[in-house]
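**Student:** Please find one structure pasted underneath; my questions will follow.
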Amino acid sequence: MGYTLAEKILAAHTEDGKADAGDIIDAAVDFLMVHEVLGSRIIPVLEEMNFEKVWDPSRVLVVNDHWAPAPNAESALIHMKNREFVREQGIKHFGDVECGICHQVLAEQGLVVPGNLIIGSDSHSTTYGAFNAFSTGLAATDSALILATGRIWLRVPESLRFDVTGNLSRRVMSKDLILSIIKELGTDGANYQSMEFHGPTIDEMTVGSRMTICNMSVEAGAKSCIMPINKQVKDWLGERAREREWTAITPDDEAMYIDRITIDLSEDPIEPMVSLPHSPANGEAVSEIDSIEIDQAFIGSCTNGRFEDLKIAADIVRGKKIHRGVRLVVTPASRDTYLAALREGFIETLIEAGAIVTNSTCGACVGGHLGVLGPGEVCVSSSNRNFRGRMGHPDSLVYLASPATVAASALKGVITDPREV
Amino acid sequence: MLNLFNDIKGKARVFGDDINTDQIIQGRYLTLLDYKAMAEHTFEIVRPDFVEIVEQGDIVVAARNFGSGSSREEAPMVLKQVGISCVIAESFARIFYRNAFNIGLPALIVPEITKHVSEGQELHVDLVQGTVLIDETNMELKGSCVPQRMLDLLTAGGAVAWFKQQIS
Ligand code: SF4
């Protein structure tokens, strides 16, 4: 009998040390992340509960990121409520409107280490699995219960194992890999399951590329997505979580998986992918689709607004001008990312090519501000969801792609294979 | 207490596959603090006239993967607010399923239900047995029984009420 990554990490958080797939467990949470949902929905639930004190103010991160800085009075009020809560409760980790998107900020501040159980009030909280943690998204009521008790009940998920070998070729990114996997699985192919990624391709990936995969796993319905650590993660933790102790978790050889999927990129190379409206599972190779004219190109979000994403975009547009009439909106995932890209000259390159570079926020990804689409407008986006109306008007169309494809498309005015520019 | 759940009656409002939480309530309304105002926009994208036709006690019937996407609890909340008594789907996205019970809205999994139920038909739902009876055709469909943990949440009146019981 052996255990998967999900089972092992969850078992370490229960009183009796047991967590077999299918069990309902009561677990002690290591860390909770909440964003604007705190001010809008969690605080009213806490009031109903007659809540007084956070179980541990050093284990909570509050972020104002979805509408940052506030574009209207409603979001401004929610931000005020969050600030007041942070002050009153003595919350140790707080990222106000200047800091960036919650998932990126949590990782950058070294708040996730291997073996952790982290819950976020946001479905993309699966992102932290890139750091060998079990992390998942829940909503307001569960977040309120965690704030009060530090505990949560969970059903231990079955695991779906992926072994990936071979290299991604030039200008093909981990986004293309996960879009092609979601195309195969469908939007509910991993529902209630934990995706587990292994293999040399994953072992060699940058932290950012790994985060992209774990981030988007939820678009196949996954509850979590966990990877073993690699050198890049170790270096990251050495820099950002130096004083924290942790042990890397590996699955047992005899672990039980619901299925095992092997992907050999040298035999079946992956091409740049694009997910057509209105589902992330509508993936097609960019080379296979008809010419699609765009109004906006968006590089940003917790999926692909990181340093490497801004770098590849800058490399593609360097010395060129984006297509007339196309808006290229670039939103770095965090202030740290923004600064790093600025120091490397990527921001200057992007602006010179015609891009609008915004401050770090969820912004356009959620149709909030800084790049909202009008009726009938077409956007190619490096974010994670192309649901109808997600980025603005219900009649707008969103195509998901890698930042390389988005940058190439901005140059040409039509969705373009980044290997062709 | 159980009869709360073994005869839920209502008219079916039928939806297709992959109704995500953005389709139930769009992200742009999340800054509204009042659920009543927010609920005015329920299913606005997929069925713009929904809030005009929906009646107290109606039952949402959907195909696969209902409630995928964003973790927003506002999705089951607005359904409850407009009077939906129960959601039946061929499958649910996990966060929606959990959120529904947390706020006291029953959810039942019944495979292939959209093949047998049409818009407006009167349904009788038994959560304990996991069955749905269609009045007009007298057909009974069998789904999965609602897990005890979820029935406990409903009996208490949602997760907050359940929590209060636990500590008192
Ligand atoms: S960037 Fe988009 S997907 Fe990511 S947390 Fe913000 S709104 Fe959600």
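**Student:** Could you report the buried accessible area between A and B, both sides summed, computed with a 1.4 Å probe and given in Å² to the nearest 100?
**Tutor:** Result for this pair: about 3500 Å² buried.
**Student:** What is the magnitude of the charge dipole of the protein assembly as shown about its Cα centre, with +1 placed on the Cβ of each Lys and Arg, -1 on the Cβ of each Asp and Glu, and no other charges, expressed in debye to the nearest 20?
**Tutor:** 1260
**Student:** Another question, then. Given the DSSP H assignment, sum -39500 (n - 2.57) over each helix run of at least 4 residues in the protein assembly as shown and divide by its residue total; what's the result at 222 nm in deg cm²/dmol, nearest 500?
**Tutor:** After summing the helix terms and dividing by residue count, I get -8000 deg cm²/dmol.
**Student:** Ignoring ligands, DNA and RNA, what accessible area per residue does chain B give at 1.4 Å, in Å²?
**Tutor:** Values: 6590 Å² over 168 residues.
With all protein chains present, chain B gives 39 Å² per residue.
**Student:** Quick one: which residues, 5+ away or cross-chain, put their amide H under 5 Å from the amide H of B:Q121? H built at 1.01 Å from N.
**Tutor:** Hits under the 5 Å cutoff: B:A12.
**Student:** For the protein assembly as shown, can you list the cysteines whose C-beta has no other cysteine C-beta under 4.7 Å from it?
**Tutor:** So, A:C99, A:C102, A:C302, A:C362, A:C365, A:C379, B:C86, B:C145.
**Student:** If you don't mind, there's one more thing I want to ask. Specify the residue with the greatest mean-square fluctuation among B:K11, B:K115, B:K36, computed from a Gaussian network of chain B linking alpha-carbon atoms under 10 Å apart.
**Tutor:** B:K115
**Student:** Same structure, new question: Tally up the carbon and sulfur contribution to the accessible surface of the range A:89-143 as a whole percent, 1.4 Å probe, everything protein left in place.
**Tutor:** Result for the range A:89-143: 43 percent of the exposed heavy-atom area is carbon or sulfur.
**Student:** Related question: Whole angstrom only: what separates the Cα centroid of the range A:87-123 from the Cα centroid of the range A:365-408?
**Tutor:** 26
**Student:** Given an 8 Å cut-off on Cα distances and at least 6 residues of separation, report the relative contact order of the range A:5-263 as a percent. It would help to have the intermediate numbers written out before the result.
**Tutor:** Values: 538 pairs, mean separation 61.2, N = 259.
RCO, the range A:5-263: 24 percent.
**Student:** Suppose R0 equals 35 Å. What FRET efficiency, 1/(1 + (r/R0)^6) with r the Cβ-Cβ distance, do A:L77 and A:A285 give to the nearest 0.05?
**Tutor:** Efficiency computed from Cβ-Cβ geometry: 0.15.
**Student:** Once ligands and nucleic acids are excluded and a 1.4 Å probe is used, how much of A:R240 is accessible, expressed in Å² to the nearest 10?
**Tutor:** 70
**Student:** Can you tell me the relative contact order of the range B:1-141? Whole percent, Cα pairs under 8 Å, sequence separation 6 or more.
**Tutor:** 29
**Student:** What FRET efficiency comes out for the pair A:D163/A:K231, r = Cβ-Cβ distance, R0 = 22 Å, nearest 0.05?
**Tutor:** My answer for the efficiency is 0.70.
**Student:** Additional query: Taking the Cα centroid of the range B:58-134 and of the range A:130-184, what is the distance between the two, rounded to the nearest whole Å?
**Tutor:** 25
**Student:** Could I ask something else about it? Any chance you could count the Lys pairs in chain A whose alpha carbons are under 25 Å apart, treating pairs 8 or more apart or on different chains as valid?
**Tutor:** 26
**Student:** Keeping to pairs on different chains or 8 or more places apart, tell me how many lysine pairs in chain B have Cα atoms under 23 Å apart.
**Tutor:** Taking the Cα cut-off of 23 Å, the pair count is 10.
**Student:** Tell me, in nm to one decimal, what length is gained between A:N50 and A:L339 on full extension, where the rule is 0.36 nm per residue of separation less the Cα-Cα distance?
**Tutor:** Numbers: separation 289, 0.36 × 289 = 104.04 nm, distance 4.22 nm.
Extending this stretch completely gives an extra 99.8 nm.
The values are calculated or read from the model by the stated rules, or taken from the named source; none is laboratory data. Since the model is a prediction, treat every value here as computed from it, not as a measurement. Ideal geometry is used to build each Cβ from the backbone, glycine not excepted, and the neighbour counts take in all protein chains shown. The protein model used for the area step is the full one, side chains on, heavy atoms only, and it has no ligands, DNA or RNA in it. Shrake-Rupley method; radii C 1.70, N 1.55, O 1.52, S 1.80 Å.
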